[in-house]
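Contents: one structure, followed by commentary.
None of the figures in this text is laboratory data; all of them are computed from the coordinates on show. Since the structure is predicted, the reported quantities are computational estimates derived from the model, not experimental observations. Using ideal geometry, Cβ is built from the backbone for each residue, glycine included, and neighbour counts are taken over all protein chains shown.
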Amino acid sequence: MNLPGPDYPAPAKLNLFLHVVGRRDDGYHLLQTVFTLIDRCDRLRFRLRDDGRVERSNVVPGVPPDQDLAVRAALLLQEASGCTQGVDIEIEKSIPMGGGLGGGSSDAATVLMALDQLWKTGFGPEALAELAAPLGADVPYFLDGQPAWAEGTGDRLTPIDLPPLWYLILVPPVGVPTREIFTAPELTRDTEPLKMEDFSARPWSGELVNDLEPVVIARYPVVKEHLEWLRRHAPARMTGSGACVFAAFDRREEAEAVAAQLPVSMQGFVAQGLSQHPLHRQ
């Protein structure tokens with residue numbers, strides 16, 4: 001990275017299951033899911049400017065600066081706070097794009113937390129979460145930054161205890177557009193709502209699935225191939241709207257042993273679940 005100063009982590013997330021339980025009149029889907037952060041992180045750096053301009057200082061393939069949630073988050077905070085300072089933002093991507101791991105939303109949340117300090121805007125966590133809502137349903141979760149049971153559009157968060165798990169995440173060589181999957185006519189939107197206790201009692205039961213998964217694997221056969229391979233070794237699901245798929249393990253060695261068997265045509269990585277956002281610890 002070229003900008004001076006400390007780097008700020010933006011961790012990926014997994015949906016340990018994802019049910020679509022309804023749809024509002026405005027088109028937004030009603031969900032139930034469990035979010036957890038993992039230690040796979042993008043890295044961001046910032047350089048303050050006196051001219052008020054907000055710029056991304058490096059190229060992120062496939063993401064024009066004016067469409068980058070990180071840039072939009074900075075502009076949103078600048079406008080809401082009346083801050084006259086600007087910033088250069090540098091993003092080192094490690095989270096696969098179009099994989100359902102929330103990289104863009106996490107980058108935006110890290111921008112808000114970092115600039116709230118660097119610009120001394122004094123918003124704090126609750127005000128930032130309210131400000132972040134227009135950026136995307138996942139952004140408030142990354143600001144919350146702990147394992148959570150989520151309902152509504154993913155914005156109603158209840159902290160949940162998770163064991164310290166390790167995850168093997170496979171990365172199919174395809175990006176899945178979220179909008180395409182949520183607007184698919186074949187998507188099931190009437191799954192029976194559950195209680196949080198249902199997840200806590202049996203997190204890997206067959207009742208807990210990702211409702212988006214059948215739509216994705218029908219349209220993207222390579223996702224199906226990765227999921228079928230992983231299920232030969234452990235219970236596995238897709239995260240978010242895909243394309244990444246994952247399995248959970250109690251020990252790092254178990255996850256790495258399965259990863260070592262990956263065929264050369266597949267890519268993946270092992271990551272640890274996080275109990276809180278790295279910036280919260282700092």
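Taking the average, over residues, of other Cβ atoms within 10 Å as the packing measure, peptides 6-15, 228-237, 161-170, 190-199 rank 6-15, 161-170, 228-237, 190-199 from highest down.
What does the net charge come to around residue 40 if you take all other residues with beta carbon closer than 15 Å to its beta carbon, with K and R at +1 and D and E at -1?
-2
For the pair residue 156 and residue 264 in one chain, pulling the backbone fully straight at 0.36 nm per residue adds 34.8 nm over the alpha carbon distance.
Please state the shape class of the stretch 166-274: rounded when a/c is under 1.5, otherwise prolate if a/b exceeds b/c and oblate if not, all from the C-alpha gyration tensor. Before the final figure, lay out the partial values.
Details: a/c = 2.23, a/b = 1.18, b/c = 1.89.
Taking the square roots of the gyration eigenvalues as a ≥ b ≥ c, the stretch 166-274 is oblate.
From the Cα gyration tensor of the stretch 8-159, with a ≥ b ≥ c the square roots of its eigenvalues, which class applies: rounded if a/c is under 1.5, or else prolate if a/b is larger than b/c, or else oblate? Prolate. Taking 147, 172, 134 in turn, the Gaussian network model of the chain (Cα-Cα springs below 10 Å) assigns the largest fluctuation to 134. With both labels modelled 7 Å from their Cα along Cα-to-Cβ, the residue 251 to residue 179 distance reads 4.7 nm. Between the stretch 210-282 and the stretch 113-177, what's the alpha-carbon centroid distance in Å? Result: 19 Å between the Cα centres.
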